[in-house]
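Okay, structure first, notes after.
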Ligand SMILES: [Zn+2]
(Lines give C-alpha, C1' and ligand atoms only; values in the text may rest on other atoms or scores of the structure.)
Protein backbone atom coordinates (compact mmCIF):
# COMPACT_ATOMS: atom_id res chain seq x y z
CA UNK A 1 0.00 0.00 0.00
CA UNK A 2 2.68 2.48 1.03
CA UNK A 3 4.75 1.72 -2.05
CA UNK A 4 1.84 2.52 -4.35
CA UNK A 5 1.12 5.75 -2.50
CA UNK A 6 4.77 6.78 -2.72
CA UNK A 7 4.81 6.00 -6.45
CA UNK A 8 1.70 8.11 -7.00
CA UNK A 9 3.31 10.97 -5.12
CA UNK A 10 6.39 10.73 -7.32
CA UNK A 11 4.26 10.70 -10.47
CA UNK A 12 2.28 13.69 -9.22
CA UNK A 13 5.50 15.54 -8.41
CA UNK A 14 6.94 14.71 -11.82
CA UNK A 15 3.78 15.99 -13.53
CA UNK A 16 3.90 19.24 -11.54
CA UNK A 17 7.59 19.71 -12.35
CA UNK A 18 7.03 18.96 -16.03
CA UNK A 19 4.17 21.46 -16.15
CA UNK A 20 6.27 24.10 -14.39
CA UNK A 21 9.14 23.54 -16.82
CA UNK A 22 6.78 23.70 -19.79
CA UNK A 23 5.34 27.03 -18.62
CA UNK A 24 8.81 28.38 -17.92
CA UNK A 25 10.02 27.20 -21.32
CA UNK A 26 7.10 28.79 -23.14
CA UNK A 27 7.68 32.10 -21.35
CA UNK A 28 11.42 31.96 -22.12
CA UNK A 29 10.78 31.19 -25.78
CA UNK A 30 7.94 33.67 -26.20
CA UNK A 31 9.66 36.64 -24.63
CA UNK A 32 12.49 37.49 -27.00
CA UNK A 33 10.48 36.59 -30.09
CA UNK A 34 7.38 38.37 -28.83
CA UNK A 35 8.26 41.78 -30.16
CA UNK A 36 8.73 42.98 -33.70
CA UNK A 37 9.61 46.16 -35.47
CA UNK A 38 6.81 46.48 -38.02
CA UNK A 39 7.55 48.67 -41.03
CA UNK A 40 4.61 50.48 -42.60
CA UNK A 41 4.93 52.43 -45.81
CA UNK A 42 2.05 54.67 -46.84
CA UNK A 43 -0.28 52.79 -44.47
CA UNK A 44 0.70 49.32 -45.65
CA UNK A 45 2.76 46.84 -43.66
CA UNK A 46 5.73 45.89 -45.82
CA UNK A 47 7.97 44.05 -43.38
CA UNK A 48 8.52 43.06 -39.77
CA UNK A 49 11.73 42.19 -37.99
CA UNK A 50 12.11 40.45 -34.62
CA UNK A 51 13.78 42.68 -32.05
CA UNK A 52 15.98 39.86 -30.77
CA UNK A 53 17.97 39.72 -34.02
CA UNK A 54 20.42 42.50 -34.83
CA UNK A 55 20.01 43.75 -38.37
CA UNK A 56 20.69 46.74 -40.56
CA UNK A 57 18.32 47.07 -43.48
CA UNK A 58 17.63 49.73 -46.09
CA UNK A 59 13.95 50.51 -46.52
CA UNK A 60 13.21 52.02 -49.92
CA UNK A 61 10.28 54.38 -50.20
CA UNK A 62 8.56 56.32 -52.97
CA UNK A 63 10.85 58.35 -55.19
CA UNK A 64 13.94 56.24 -54.51
CA UNK A 65 14.35 57.46 -50.93
CA UNK A 66 15.96 55.36 -48.25
CA UNK A 67 15.67 54.94 -44.49
CA UNK A 68 18.19 52.69 -42.82
CA UNK A 69 16.56 50.69 -40.04
CA UNK A 70 18.87 49.27 -37.41
CA UNK A 71 17.91 46.76 -34.72
CA UNK A 72 20.49 46.41 -32.01
CA UNK A 73 20.24 45.19 -28.40
CA UNK A 74 16.48 44.74 -28.80
CA UNK A 75 15.93 48.34 -29.89
CA UNK A 76 14.95 49.69 -33.28
CA UNK A 77 16.15 53.01 -34.64
CA UNK A 78 16.70 54.82 -37.93
CA UNK A 79 20.43 55.10 -38.44
CA UNK A 80 20.26 57.37 -41.46
CA UNK A 81 17.78 58.68 -44.01
CA UNK A 82 17.69 61.04 -46.96
CA UNK A 83 14.55 62.85 -45.83
CA UNK A 84 14.83 66.65 -45.48
CA UNK A 85 13.91 66.94 -41.79
CA UNK A 86 15.83 63.93 -40.36
CA UNK A 87 13.30 63.72 -37.54
CA UNK A 88 13.24 59.93 -37.80
CA UNK A 89 17.02 59.75 -37.37
CA UNK A 90 16.88 61.98 -34.31
CA UNK A 91 14.21 59.89 -32.59
CA UNK A 92 15.34 57.73 -29.71
CA UNK A 93 15.50 53.96 -30.28
CA UNK A 94 12.18 52.24 -29.61
CA UNK A 95 11.70 48.88 -27.93
CA UNK A 96 8.32 48.89 -26.17
CA UNK A 97 5.10 47.73 -27.81
CA UNK A 98 3.19 50.67 -29.24
CA UNK A 99 6.22 52.95 -29.66
CA UNK A 100 6.79 54.35 -33.12
CA UNK A 101 9.38 56.09 -35.25
CA UNK A 102 7.76 58.16 -37.95
CA UNK A 103 9.30 59.59 -41.10
CA UNK A 104 6.62 61.90 -42.45
CA UNK A 105 8.35 62.89 -45.73
CA UNK A 106 8.69 59.19 -46.64
CA UNK A 107 5.27 58.16 -45.21
CA UNK A 108 7.18 55.59 -43.18
CA UNK A 109 6.21 54.27 -39.77
CA UNK A 110 8.28 51.84 -37.72
CA UNK A 111 6.08 50.46 -34.99
CA UNK A 112 6.92 48.08 -32.17
CA UNK A 113 4.44 45.25 -31.98
CA UNK A 114 4.03 42.57 -29.35
CA UNK A 115 2.48 41.75 -26.02
CA UNK A 116 2.69 45.03 -24.17
CA UNK A 117 1.73 43.47 -20.85
CA UNK A 118 4.79 41.21 -20.70
CA UNK A 119 7.66 43.66 -20.86
CA UNK A 120 6.09 46.04 -18.34
CA UNK A 121 6.97 43.66 -15.49
CA UNK A 122 10.19 42.13 -16.78
ZN1 LIG B 1 12.82 60.93 -41.93
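The values are calculated or read from the model by the stated rules, or taken from the named source; none is laboratory data. Model, not experiment: these values are computed from the prediction. FYI the Cβ positions are ideal-geometry reconstructions off the backbone, even for glycines, and counts take in every protein chain you see.
With respect to the conditions (1) at pLDDT below 90; (2) in a strand (DSSP E or B), residue 49 falls short on a single one, namely (1). Using the structure shown, decide if residue 71 is more than 16 Å from the ligand (Cβ to nearest atom), in contact with a strand residue (DSSP E or B) (Cβ under 6 Å, 6 or more places away or on another chain) and modelled with pLDDT of 95 or more. Yes, satisfied.
Identify, from the list 78, 94, the residue that is at pLDDT 95 or above, within 14 Å of residue 37 (Cα to Cα) and away from the ligand (no atom under 11 Å from the Cβ). Within the list 78, 94, the selection yields 94.
Name the residue that is farthest from the chain's Cα centre (by Cα), counting only residues in region 92-107 that are part of a loop (DSSP other than H, G, I, E, B) and under 18 Å from residue 64 (Cα atoms). Lay out the reasoning, then the answer.
First, the residues of region 92-107 that are part of a loop (DSSP other than H, G, I, E, B): 92-93, 95-99, 104-107.
The next check asks that each one be under 18 Å from residue 64 (Cα atoms); those that pass are 104-107.
Working: 104: 23, 105: 25, 106: 23, 107: 22 Å.
By that ranking, first place goes to 105.
When residue 49 is tested against (1) within 16 Å of the ligand (Cβ to nearest atom); (2) touching a strand residue (DSSP E or B) at 6+ places or on another chain (Cβ under 8 Å), exactly one condition is not met: (1).
Every test in (1) free of Cβ contacts under 8 Å to residues at least 60 places away in the same chain; (2) surrounded by fewer than 18 Cβ atoms within 10 Å (Cβ to Cβ); (3) within 14 Å of the ligand (Cβ to nearest atom) is passed by residue 107 save one, and that test is (1).
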